[in-house]
Amino acid sequence: MHCYRFYLAAALVFCLVLVGAGCGGKPTKPMPTAPAEPEYAPEIAEGILKGIDSGDYAAFSQHFDEAMKASLTEAAFIQMRDGIKKNYGDYLTKEFSSTEKNVQGIYTVVMYRAKFSRGALTVKVVFRESEGGAVVSGLWFQ
């Protein structure tokens, strides 16, 4: 019986030493924080979404770079808008999800969750910063 108590006491001391060793030592590094939403992004993204909702191509494409304007013409906009309105309804609001900076060295990708009257979509807006401000170089809806 005394032998059992000795082993129990020794195991308890051993566990306490391990716990104490785990609590001491080097402090852990804090987790890196995710990049914040760029200051220019919410207003531009809101203009895009409101432009879709109202059918206003000028508001929708106001901050597009030349390549985006050439690839997403007004005719393509109308077709895209009709599909979004038919499947998701009216635009209500958006919520920032994430930012990824320095994509391919020059782009900032900002993700939003856009809520519509009949569902939600993930909106991926690709920005390129220039001397005149940020321009939209890519746009995806998922």
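The values are calculated or read from the model by the stated rules, or taken from the named source; none is laboratory data. As the structure is a computational prediction, the values presented were derived from the model and not from experiment. Reconstructed Cβ throughout: ideal geometry from the backbone, glycine too, with neighbour counts over all protein chains shown.
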Filtering segment 92-122 down to residues that are aliphatic (A, V, I, L, M) and in contact with a Lys or Arg (Cβ under 7 Å, 6 or more places away or on another chain), which residue is modelled with the lowest pLDDT?
-> Ile106
Quick one: is Phe60 modelled with pLDDT of 95 or more and among the aromatic types (Phe, Trp, Tyr)?
-> yes
Return the only residue of Asp53, Asp65 being touching a residue at least 60 places away in the same chain (Cβ under 8 Å) and either closer than 14 Å to Ser137 by Cβ or over 21 Å from the mean Cα position of the chain (by Cα) (or both).
-> Asp65
Quick check: is even one residue across segment 90-107 touching a residue at least 60 places away in the same chain (Cβ under 8 Å), surrounded by fewer than 18 Cβ atoms within 10 Å (Cβ to Cβ) and within 17 Å of Glu43 (Cβ to Cβ)?
-> yes
